[in-house]
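Colleague: Quick one: the structure is below, questions incoming.
Read-outs: derived from the displayed coordinates by stated rules, not from any lab. Every value quoted in this text rests on a predicted model; they were computed, and no experiment measured them. Every residue, glycine among them, receives a Cβ derived from its backbone with ideal geometry; neighbour counts consider all protein chains shown.
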Amino acid sequence: MGAISKYIAGFDNWAEPVTPPRTSVFGGVVALISYALVFAYLIVYLLSSNQNEYSYATGIKPFPSITCPEGNCEFTLPPMKCVASSGCFVKAQSGTSKDMQCVFVAKGAAIPESLRKIYYTGDPVEYFSVLSTDGATENFAVSYDLDTVTEYRDPLGITHVEAAPDFGAYNPMPPKIYRGVSIMNMLKTVGIKTDDEAYTWTNSVTTYEQPTVQNIGPCCASSASGAQGTGGSPVPAPNNNGAPGPAPAPGPNTGGTGGGGIKNADGSDFTGTQPQCDASDNTGELTANYFLTSLQAATTYTEIVLEDPFDFDLIFGLVGGWLGFVGTFAGLVIFFYKSACPGSGEAEVEVEVTGSIAGTNPAQGTDLKL
């Protein structure tokens, strides 16, 4: 029993600094319990971290503009589909690689990714815009995918709702964008791995008042938009002398066939009728029953970054903190115990010191034992 007591007393970190050292069984027991508590808490932490959602940090960042210094000045809008019965005429946001091109997307088809680039701008005529000619009976032209983060773990738990191809009843119902101007709000979630990210887009309608045809310019056969189809203004009639007379005031542009440079989503030429977007008085207002869906980037977006609970540096720091806390608490316990019970539980330790008395001949020195 004495050997066991001495062994346990050897763990006493609070031994008094005297010679010989005086350790106690109580101090050794407290030290062992302290180590056991830290180890048990580490196991509980690892198990709970594996079962519960991870903690995360939230930040607000400015939405990139066309002049951002990083060079990557745009995000990609979520996958979208056209739901308009007569199809959609899509113009990318000005400043992107496809900004001067109009693309026709049939009902139920996906809008190409190259057209879905977006950055922040305060100029309303530069927005990503979609023209629908079905305004008499419809208020929506596009639907988009919705990704929602449901579990903050590794990997992220994501619920995906695909864009609707039409006006059918779906469960869950994919989001659609009402006519007019909408602000696109983005929530970016960054997982533990570098390629584990989720982008959650939602739209907020700011106005359903119709923008001018300048928003959809390349898609329109209109003098106000700067592009005309084959149906343009009439050629001046010759006068009595056989020479062309003065040009009359431009009449309404009826558009006509030939596509006016519009492309289909697959890259082929559009052979349908180019829309006559401008009202008959060429004021820049949209033709009756036409409507635009224009998307504007918000000024900022939210970013959520997950924290890895199994990161080595994090665990190393936590264990160090726990040891420091437990050591301080145990030290107080030992201090009050020894103050209240001096000499209690101290283990006798025999120390043998062998040496020579100072001043004697080392060859004839006197052995000294304590």
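Colleague: Taking K and R as +1 and D and E as -1, what net charge do the other residues with C-beta under 14 Å from the C-beta of residue 185 add up to?
Modeller: Here the charged neighbours net out to 0.
Colleague: Which value, to two decimals, describes the C-alpha radius of gyration of region 161-218 once divided by 2.2 N^0.38 Å?
Modeller: Ratio of Rg to 2.2 N^0.38 Å for region 161-218: 1.53.
Colleague: Considering amide H positions built from the backbone, and no H for Pro or chain starts, which residues 5 or more places from residue 278, or on another chain, come under 5 Å of its amide H?
Modeller: Excluding prolines and chain starts, which carry no amide H, the hits are 287.
Colleague: Along region 108-121, what does the Karplus equation 6.51 cos²θ - 1.76 cosθ + 1.60 (θ = phi - 60°) give for ³J(HN,Hα), rounded to whole Hz, x for Gly and Pro?
Modeller: Per-residue couplings from phi come out as x, 8, 7, 7, x, 4, 4, 8, 9, 7, 9, 9, 7, 8 Hz.
Colleague: For region 178-188, just list the computed ³J(HN,Hα) in residue order, Karplus coefficients 6.51, -1.76 and 1.60, θ = phi - 60°, integers in Hz, with x standing in for Gly and Pro.
Modeller: 5, 4, x, 9, 10, 8, 9, 9, 10, 10, 9
Colleague: Could you go through region 154-163 in sequence order and give the Karplus-derived ³J(HN,Hα) for each residue, using 6.51 cos²θ - 1.76 cosθ + 1.60 with θ = phi - 60°, rounded to whole Hz, and x for Gly and Pro?
Modeller: Using θ = phi - 60°, the values come out as 10, x, 4, x, 10, 9, 10, 10, 7, 4 Hz.
Colleague: At residue 340 and residue 162, where each label point lies 7 Å from the Cα along Cα→Cβ, what is the point-to-point distance in nanometres?
Modeller: 7.1
Colleague: So which lysines can residue 61 reach, going by Cα to Cα under 17 Å and dropping same-chain residues fewer than 8 places off?
Modeller: Of all the lysines, those that pass the test against residue 61 - Cα under 17 Å, at least 8 places apart if same chain - are 188.
Colleague: For region 35-153, state what percent of all Cα-Cα pairs lands in each successive 5 Å bin, counting from 0 Å until the bin that includes the largest distance.
Modeller: P(r) over region 35-153, rounded to whole percents: 2, 10, 14, 14, 13, 10, 8, 7, 6, 5, 4, 3, 3, 1, 0, 0.
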